[in-house]
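Student: Pasting a structure here, questions to come.
The values are calculated or read from the model by the stated rules, or taken from the named source; none is laboratory data. Note that the coordinates shown come from a computational prediction; the quantities given were computed from them, not determined experimentally. Here the Cβ positions follow ideal geometry from the backbone for every residue, glycine too, while neighbour counts run over all protein chains shown.
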């Protein structure tokens, strides 16, 4: 009887191991994960060089991990098991206070790519400053939730690497060109600045960053007499103040990419749009498509999909061009990642023209595009981890 039970257990485990492996190999490969909002690893091509270097083995492991049958369900089971064992970190995600899921960014800021991107950014800022003048070219590298919400992290968590990297960026860039928003976000850290289930900041977090950049732009430009005109007689701020916006809730059912990495039960996030009480007229076009001009910054079709953050501009585009009736004489170029998508709507009230370029997808020559537009200001806007990891920034020199 005991021997029969042993055979049954062995048979069950063999069926699990080989059955799931066979099912994974037989099922069609999934190209894109809506839950994680990323492309999944595909079967690597076999070559002798890759076998010898170990690259094939590495890529094949990634392929098996991404294409495993019932992958999302197994991620959830693994997370629950590790949580029951008392773990506060699973798959490089911290389980933080107040239901926050916060990414760890292991090794991101000490990787050679992070150092190379700092060099690319410095060269770009110096070149554009020489063209437009001091105070007109700025870089805003937004801290991630790990850096701002330290009070919510487990006791063993550490944000020193990210802080040190941001300090390196500030030291490397020309004086006055780095917009450091760590202090202002830390002052408001008890507010809803970052999504609990996603790596992005919220519209409120983006507002505090926008206000900080706008003040820096005004202060720097005042030194050469080119400061944006104030909206108030006798001084004040040139940008549209917070009280001139009303908050509109777009969804209360947003689950982001961080939650997808652990697939656990957690409260959903809320996405808001800030709508001006008196809105300027504007048009939006993408990728030189003059036949498809829009009069909205939001694509509400994404509210019915998993990637609800893409409600801002319909997600990341290589080139987004906005022309407004603001009549301020300010024409802004934004080199960006997705953190800019809920930031730029504030600038629509205050700029005559805005061009957003995402270098990850932009395949034109950047220098030619800049030469063809009479920009008055340039803003480089990324989140810290995204900036450190981006492999496309060498194109800034083209």
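Student: Among the listed residues 351, 356, identify the single one that is modelled with pLDDT of 95 or more and part of a strand (DSSP E or B).
Tutor: On the way: 351 fails: part of a strand (DSSP E or B).
The conditions single out 356.
Student: Got at least one residue in the stretch 154-168 being in contact with a strand residue (DSSP E or B) (Cβ under 8 Å, 6 or more places away or on another chain) and in a helix (DSSP H, G or I)?
Tutor: Yes: one or more hits.
Student: Those residues that are touching a residue at least 40 places away in the same chain (Cβ under 8 Å) and either part of a helix (DSSP H, G or I) or crowded, with 16+ Cβ neighbours inside 10 Å (or both), I need them from the stretch 273-304; list them, please.
Tutor: Step one: list which residues in the stretch 273-304 are touching a residue at least 40 places away in the same chain (Cβ under 8 Å), which gives 273-274, 276, 279-283, 297-298, 300, 303.
Answer for the stretch 273-304, where residues must be touching a residue at least 40 places away in the same chain (Cβ under 8 Å) and either part of a helix (DSSP H, G or I) or crowded, with 16+ Cβ neighbours inside 10 Å (or both): 273, 274, 280, 282, 297, 298, 300, 303.
Student: Moving on to the next point. Specify the residue that is nearest to residue 283 (Cα to Cα); the eligible residues are those in the stretch 342-356 that are crowded, with 22+ Cβ neighbours inside 10 Å and without any contact (Cβ under 8 Å) to a residue 60 or more places away in the chain.
Tutor: Looking at the filtered set, the residue picked out is 354.
Student: Here's a follow-up. Criterion first (under 16 Å from the mean Cα position of the chain (by Cα) and in a loop (DSSP other than H, G, I, E, B)) does residue 339 satisfy it?
Tutor: Numbers: under 16 Å from the mean Cα position of the chain (by Cα): yes; in a loop (DSSP other than H, G, I, E, B): no.
No; evaluated as a whole, the condition is false for this residue.
Student: Hey, can you tell me all the residues within the stretch 155-176 that are more than 19 Å from residue 116 (Cα to Cα) and surrounded by 15 or more Cβ atoms within 10 Å (Cβ to Cβ)? Working first, answer last.
Tutor: Just the residues of the stretch 155-176 that are more than 19 Å from residue 116 (Cα to Cα), to begin with: 155-160, 175-176.
Answer for the stretch 155-176, where residues must be more than 19 Å from residue 116 (Cα to Cα) and surrounded by 15 or more Cβ atoms within 10 Å (Cβ to Cβ): 157, 159, 176.
Condition check ((1) surrounded by 14 or more Cβ atoms within 10 Å (Cβ to Cβ); (2) within 22 Å of residue 395 (Cβ to Cβ); (3) touching a residue at least 24 places away in the same chain (Cβ under 8 Å)) across all residues:
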| residue | (1), (2), (3) |
| --- | --- |
| 103 | yes, no, yes |
| 117 | yes, yes, yes |
| 121 | yes, yes, yes |
| 125 | yes, yes, yes |
| 130 | no, yes, no |
| 138 | yes, yes, yes |
| 142 | yes, yes, yes |
| 146 | yes, no, yes |
| 150 | yes, no, no |
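Student: I need a count of the residues in the stretch 257-272 that are under 23 Å from residue 204 (Cβ atoms) and assigned to a loop (DSSP other than H, G, I, E, B).
Tutor: Going through the stretch 257-272 one residue at a time, the tally reaches 3.
Student: Yes or no: the stretch 366-373 includes at least one residue that is assigned by TED's automatic domain parsing to the domain that holds residue 145, under 23 Å from residue 212 (Cβ atoms) and at pLDDT 95 or above.
Tutor: As a first pass, look at the stretch 366-373 and keep what is assigned by TED's automatic domain parsing to the domain that holds residue 145: 366-373.
Then drop every residue that is not under 23 Å from residue 212 (Cβ atoms), which leaves none.
Looking for residues that are assigned by TED's automatic domain parsing to the domain that holds residue 145, under 23 Å from residue 212 (Cβ atoms) and at pLDDT 95 or above, one finds none in the stretch 366-373, hence no.
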